[in-house]
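The values are calculated or read from the model by the stated rules, or taken from the named source; none is laboratory data. Here the structure is a predicted model, which is why all the values come from computation and not from measurement. Note that we place each Cβ from the backbone using ideal geometry, even for glycine, and neighbour counts take in every protein chain shown. Quick note on the areas: whole protein, heavy atoms, side chains included, nothing else; ligands and nucleic acids left out. Shrake-Rupley method; radii C 1.70, N 1.55, O 1.52, S 1.80 Å.
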Amino acid sequence: MEKETLVTMLQRQNPVLAEAVSRMIDYIQDKWAAPYPSKEQTEAVNAYLRSVHADGDGTMNETNIGHRRIATQQITINAIRVLDSGQLDRLQDVLNRIAADREYYMPERGYGLGR
């Protein structure tokens, strides 16, 4: 299945999930992907996790991280139709890191600070 077809189907059911799946498929399929997802990709995943109330009370304790990891599996499940086995493993690994760290993304370059 093509990514666009999948995203269109998901968009009708859950637009926030569709955005997270789309962003993460783009990251995983990028031939020259950075070691970390972009801030926008991480924010799309975090928006989905908030939409399903996986954050609990908002603290990053072990229970809430566990809930976030379980919730990220929905992104992986939806990506099964587009990604191969190795890509799915990599996707879930990145999602687990996002679940444990809301700010798991490529740091932005600061300009004009320090030399």
Residue by residue through region 57-95, note down the ones that are out of contact with any Leu (no Cβ under 7 Å at 6 or more places or on another chain), among the hydrophobic types (A, V, I, L, M, F, W, C) and closer than 20 Å to residue 35 by Cβ.
88, 94, 95
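Against the condition under 25 Å from residue 31 (Cβ atoms) and surrounded by 12 or more Cβ atoms within 10 Å (Cβ to Cβ), how does residue 49 come out, does it pass? It would help to see each step written out before you state the result.
Details: under 25 Å from residue 31 (Cβ atoms): no; surrounded by 12 or more Cβ atoms within 10 Å (Cβ to Cβ): yes.
So residue 49 does not fit the description; no.
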For residue 83, work out the one condition from (1) outside any helix (DSSP H, G or I); (2) open to solvent by 40 Å² or more (accessible area, probe 1.4 Å) it doesn't fulfil.
(2)
Read through the list (1) within 24 Å of residue 106 (Cβ to Cβ); (2) hydrophobic (A, V, I, L, M, F, W, C); (3) part of a helix (DSSP H, G or I), then give the number of the only condition that residue 33 fails.
(3)
Selection within region 31-68 - within 12 Å of residue 94 (Cβ to Cβ) and over 9 Å from the mean Cα position of the chain (by Cα):
33, 34, 35, 36, 38
When you scan region 99-115, do you find a residue that is at pLDDT 95 or above and among the basic types (Lys, Arg), even just one?
no
Would you tally the residues in region 4-37 being modelled with pLDDT under 95 and in contact with a helix residue (DSSP H, G or I) (Cβ under 9 Å, 6 or more places away or on another chain)?
3
Exactly one of 5, 63 is surrounded by fewer than 19 Cβ atoms within 10 Å (Cβ to Cβ) and either under 20 Å from residue 101 (Cα atoms) or of a type in the set (Gly, Ala, Ser) (or both), and that one is 63
Kindly indicate whether any position in region 54-72 is out of contact with any Asp or Glu (no Cβ under 6 Å at 6 or more places or on another chain), of a type in the set (Ser, Thr, Tyr), in a helix (DSSP H, G or I) and farther than 14 Å from residue 20 by Cβ.
yes
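How about region 66-80: which of its residues are of a type in the set (D, E, K, R) and open to solvent by 90 Å² or more (accessible area, probe 1.4 Å)? Steps first, please.
First pass over region 66-80, keeping only residues of a type in the set (D, E, K, R): 68-69.
Hit for region 66-80 is 69, nothing else.
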